[in-house]
Amino acid sequence: MSVVGNNRVGIPIVLLHDAEGAVVTVETKNGELIRGLLFEAEDQMNVYLKHAVIYGKENKKRKVDQVYLRGSQIVFIIIPDMLRHAPMFQRIKHWRKFGGAPPEGVQAAVGQAAAILRKAQERRGAGFGDG
């Protein structure tokens, strides 16, 4: 079992999900900087930002209500410093200390990481025609 669950969702993805609801800055491959409220993030790093401001290469600034960015077009994401104290890092310390064993009395994934995994599985299982 990994630090964050059985579905091979890594630490950066869990941290990105933890940043949902916070203001983030995203740099894209075409050089744009986009700052906005991270409404939703997916495991492929696709992000949905609301109330965003897009800064173009030539310092042009424009506001948009919402923007969806494909993960493959993202260079990096700046997240708030407050996530330095995210619960996920406590799980990492426990994992390193006890060699990956879950806490006593815990048989399955629990907590926020488990909720993120369930949410992703529900999204995958919904399909395209069920909306």
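The values are calculated or read from the model by the stated rules, or taken from the named source; none is laboratory data. Every value quoted in this text rests on a predicted model; they were computed, and no experiment measured them. Side chains included, ligands, DNA and RNA excluded: accessible areas come from the protein's heavy atoms. Shrake-Rupley method; radii C 1.70, N 1.55, O 1.52, S 1.80 Å.
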Original post:
With respect to Gln107, is the statement that it is at pLDDT 75 or above and of a type in the set (S, T, N, Q) true?
Top reply: no
Original post:
If Arg35 passes every condition in (1) open to solvent by 50 Å² or more (accessible area, probe 1.4 Å); (2) part of a loop (DSSP other than H, G, I, E, B); (3) farther than 22 Å from Leu117 by Cα but one, which one does it miss?
Top reply: (2)
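Return the residues of region 51-89 that are assigned to a helix (DSSP H, G or I) and open to solvent by 50 Å² or more (accessible area, probe 1.4 Å); say none if nothing qualifies.
Keep residues of region 51-89 that are assigned to a helix (DSSP H, G or I), which gives 71-73, 81-85, 87-89.
Across region 51-89, the qualifying residues are Ser72, Gln73, Asp81, Met82, Arg84, His85, Pro87, Phe89.
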